[in-house]
Amino acid sequence: GGGPIENSGEMTFNGGKIVAYAYGPYEGNYGAGTGIGGGHAGGGTVITFNGGKIDAKGGLHGAGVGGGCTYVGGMSNNTTYAFPDAILCRTPSSTIAGDININGGFLEAEGFEHGNAFGQGCGGTNTGKTITITGGTLLPVSKSGWYDIGGTGGDVVVTGGSIRLSAEGKFQCA
């Protein structure tokens, strides 16, 4: 996905085994990016899963799959980055999860303390975007106060597949 202040770009997964853990909390309680998606202050664009075995974990403030933490607060420390080839997030103070399409596969995703499993990261939204699930098996995990699937201002559409939510009321949508 994306690096600091970088959106992920369009990604499609058709198969294989992918393990994607964002930096932190597993490397010392820091990190604000996603396992698959935007980096710190970066959002997702279009992420499509057609198959494969996926294991994605977000950093302390990022989603498992979707958007990273917004560019505010102690995680940012007013740092300015210059990446000449980066796809920069237009509004790093409010990241977006993006359109996430799940058509197949076995997907495990975990948002850590401040991020959804599939969807928005800390302080982000999913305004005008849709998470669409037509197939596959999803095993999302989110912490208290966060959601397994969704993002503020966005839609979640489920027409197929199998989902085991980590608790009651773990969908977030407009």
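Annotations for the structure displayed:
- Residues located in region 116-130, provided they are out of contact with any Cys (no Cβ under 6 Å at 6 or more places or on another chain) and part of a loop (DSSP other than H, G, I, E, B): Asn116, Ala117, Gln120, Gly123, Gly124, Asn126, Thr127, Gly128, Lys129
- Qualifying positions in region 140-158 - touching a strand residue (DSSP E or B) at 6+ places or on another chain (Cβ under 7 Å) and part of a loop (DSSP other than H, G, I, E, B): Tyr147, Asp148, Gly151, Thr152, Gly153, Gly154
- Of the listed requirements (1) at pLDDT below 95; (2) over 11 Å from the mean Cα position of the chain (by Cα); (3) within 21 Å of Gly128 (Cβ to Cβ), Thr45 misses just one: (2).
- Which numbered condition Gly37 misses (of (1) open to solvent by 30 Å² or more (accessible area, probe 1.4 Å); (2) in contact with a strand residue (DSSP E or B) (Cβ under 7 Å, 6 or more places away or on another chain); (3) modelled with pLDDT of 80 or more): (1)
- Residues in region 139-174 that are open to solvent by 10 Å² or more (accessible area, probe 1.4 Å) and of a type in the set (D, E, K, R): Lys143, Asp155, Arg164, Glu168, Lys170.
- Condition broken by Gly121, with the remaining ones in (1) closer than 22 Å to Gly15 by Cβ; (2) in contact (Cβ under 8 Å) with a residue 60 or more places away in the chain satisfied: (1)
- Cβ-Cβ under 9 Å pairs, at least 6 apart or on other chains, region 12-24 side without any contact (Cβ under 8 Å) to a residue 40 or more places away in the chain, far side among the aromatic types (Phe, Trp, Tyr) and assigned to a strand (DSSP E or B): Thr12/Phe49; Asn14/Phe49
- Ala63 being under 11 Å from the mean Cα position of the chain (by Cα) and either modelled with pLDDT under 85 or over 24 Å from Asp155 (Cα atoms) (or both): no
- In the set Gly121, Gly98, Gly115, Gly136, only one residue is modelled with pLDDT of 90 or more, closer than 22 Å to Lys17 by Cα and open to solvent by less than 30 Å² (accessible area, probe 1.4 Å); that residue is Gly136.
The values are calculated or read from the model by the stated rules, or taken from the named source; none is laboratory data. Since this is a predicted model, take the numbers as computed values, not measurements. Positions of Cβ are backbone-derived with ideal geometry, glycine not excepted, and every protein chain shown enters the neighbour counts. SASA here: full protein model, heavy atoms, side chains in, ligands and nucleic acids out. Shrake-Rupley method; radii C 1.70, N 1.55, O 1.52, S 1.80 Å.
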